[in-house]
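Every number in this text was worked out from the coordinates using simple rules, so none of it is lab data. No experiment lies behind these values; they were computed from the predicted model shown. Neighbour counts run over all protein chains shown; Cβ positions are idealised from the backbone, glycine included.
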Amino acid sequence: MKIRVIGSGLIGTSIALALKQSGCSLQMVDTDKKAEQLANKLVDGEIFDLVDLIIIAVDIASNKSLIVSALNENPHSIVIDVASVKSNLLQEVAKLSDNAANFVSSHPMAGREVGGGHSARSDLFRGRAWIGIESETITGKAKEGLEFLVKSCGATLYWYSARNHDEIVARISHLPQLISSALGSVVNQSNEADLNLAGQGLRDVLRLAGSDANLWSQLLIENSEPVMANLQLVISKLQMIKEMISNGDRKELQQFLIDGNNGLRKIPGKHGLVQRNYASLSIVINDEAGQLAKIFNDCAKADVNIEDLSIEHSPGQLTGLITLSVSEKDEVKLFDHLSSCGWDVFQVKSR
């Protein structure tokens with residue numbers, strides 16, 4: 001299959017890398033010729049005029065016009081976009097192109113806080129959800145094109161209406177970005193010396209604050225209605241917290257935190273299954289090359305799978321703390337094995 005990817009950023013190049021592994025021939029196109037050149041080198045890009053599939057992976061502002069151009073200039077090609085806001089896109093494309101039946105809109109639910117083709121990964125979408133936008137007008141061939149794309153990227157396809165899609169991503173994607181950025185702006189007012197005391201929790205919450213400001217300002221405004229509705233819910237919750245703390249209402253505050261615990265548990269765990277409780281083992285390590293490799297090697301010798309991990313560094317110290325999450329049945333076995341290997345290991349409360 002010959003495929004043209006328009007947009008050589010993180011998403012477009014990651015899609016192309018996955019498709020290349022599926023045996024497709026790729027052509028990368030971008031207004032930024034340096035980005036285009038890099039992407040073509042990464043996927044061994046070719047030059048051809050007729051293509052089976054065109055993937056539009058550009059910013060919201062350019063998305064619709066490039067979709068219409070691709071449909072009108074390539075009447076026999078299937079066109080797929082991957083924009084994260086849909087609103088009235090299908091209706092607008094139908095007004096501007098006679099080939100709208102060859103267009104299928106989609107949104108891969110994956111990304112990174114760093115952009116650009118140099119950050120692309122062929123496994124970016126593996127095991128992730130990919131939303132297809134329902135439409136009665138698209139052809140079976142167009143649907144098959146999206147199914148092929150999603151399968152080649154290792155993702156799972158789900159079909160939603162455009163409205164439902166925008167409401168869902170406002171809560172699970174756009175709202176987390178806003179909360180992380182809001183906290184980042186507060187942290188920005190802190191003394192840098194004080195931030196040496198920051199633990200992994202702050203870094204976890206602030207990870208999304210490193211996202212592309214130009215991209216996200218477009219997304220938030222484009223999806224303003226559901227974003228504003230969800231933002232108001234958070235504002236209401238924060239106001240309630242303020243009143244609870246002010247009134248010293250510990251019981252209500254505890255219930256609020258428990259509601260947060262329950263919200264976390266609703267998020268599917270590994271392989272889409274119900275979240276499991278893991279046991280945690282903390283290990284004090286020297287901050288030097290090879291320490292992690294030694295730990296993982298010892299875990300492999302114990303035949304224990306590491307489900308998750310976190311790393312923290314002590315301010316001004318040449319040591320760090322790595323916390324391994326393992327299944328509860330493996331906790332004692334791994335603790336005993338790592339202790340026997342000379343590691344300074346501690347059992348911590350399961351989460």
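Here is how the numbers come out for the structure above:
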read-out	value
Where the Cα pairs of region 166-266 fall when distances are cut into 10 Å bins, in %	13, 35, 38, 13, 0
Two-decimal Rg/Rh across region 2-160, once Rg and the Kirkwood Rh are taken from alpha-carbon atoms	0.92
Where chymotrypsin sites (Phe, Trp or Tyr not before Pro) fall in DSSP loop in region 139-230, at most 16 other Cβ within 10 Å	none
The chain: angle of helix 10-21 to the longest principal axis, Cα-based, in degrees nearest 10	80 degrees
Which of LEU197, SER84, ALA279, positive extreme of dipole for the chain (C-beta unit charges)	ALA279
Estimated 222 nm signal from helices in the chain, with DSSP H stretches of n ≥ 4 weighted -39500 (n - 2.57), rounded to 500	-14000 deg cm²/dmol
Cut-off under 5 Å, modelled amide H: who pairs with VAL85 long-range	none
Crossing angle, helix 140-152 versus the chain [Cα axis fit, 0-90 degrees, rounded to tens]	30 degrees
Cα-centre dipole for the chain with unit charges at Cβ (Lys and Arg positive, Asp and Glu negative), debye to 20	500 debye
Electrostatic dipole magnitude of region 1-158 [Cβ: Lys, Arg +1; Asp, Glu -1; Cα centre; debye, to 20]	380 debye
Charge dipole magnitude, Cβ of K and R +1, D and E -1 - region 166-266, Cα centre, debye nearest 20	380 debye
Projected label distance in nm at SER327 and ARG163, using a 7 Å step from Cα toward the beta-carbon	4.5 nm
Net charge, ALA155 excluded, C-beta distance under 14 Å - Lys, Arg +1, Asp, Glu -1	+2
Length-normalised contact order of region 278-348 in % [C-alpha pairs under 8 Å, at least 6 apart]	49 percent
Volume per residue of the C-alpha convex hull in the chain, rounded to whole Å³	179 Å³
